[in-house]
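See structure below.
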Amino acid sequence: MGPAREFEAAEIARPSHILLQFLAWVAARPRTYADAMDAWRTSCPRLAVWEDATGGGLVRLAASPGARRGDAAVLLTPRGAAVLAAAQPGAGAAASPADRFAAAAQ
């Protein structure tokens with residue numbers, strides 16, 4: 001495994017709180033690319049949650065042919081769902097990842 005892959009694996013193994021918040025936000029209800037950019041885009045390089053989530057393979061865009069990019073759905077990938085679920089050890093299996101994250105935050 002090269003240095004870049006080791007770094008990526010380590011970052012996903014210890015996701016930041018803001019990244020977990022973003023994944024829970026995506027999982028909570030249908031979101032579009034425009035929604036995500038409006039709510040999560042930032043000019044601060046320390047809060048590049050969109051880039052971290054897409055670069056880490058945690059979310060993906062799904063669009064109909066010919067649709068505008070802003071209308072594309074933002075979806076958790078299986079890897080993103082697993083990262084979110086793993087952040088909630090001991091949570092009930094019946095609860096969704098977003099529900100487990102919300103419950104832990106209370």
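The values are calculated or read from the model by the stated rules, or taken from the named source; none is laboratory data. None of these values were measured; they are calculated from a predicted model. As a convention, Cβ positions derive from the backbone with ideal geometry for all residues, glycine included, and neighbour counts pool all protein chains shown.
Among the residues of the stretch 42-89, which ones are under 15 Å from Phe22 (Cα atoms), of a type in the set (Lys, Arg) and at pLDDT 90 or above? Once the filter is applied, which keeps residues that are under 15 Å from Phe22 (Cα atoms), of a type in the set (Lys, Arg) and at pLDDT 90 or above, the stretch 42-89 yields Arg60, Arg79. Of all residues in the stretch 24-36, those that are in a helix (DSSP H, G or I) and either under 13 Å from the mean Cα position of the chain (by Cα) or exposed (fewer than 13 other Cβ atoms within 10 Å of the Cβ) (or both) total 7.
Against the numbered list (1) outside any helix (DSSP H, G or I); (2) at pLDDT below 90; (3) under 19 Å from Ser16 (Cα atoms), Gly92 comes up short only at (3).
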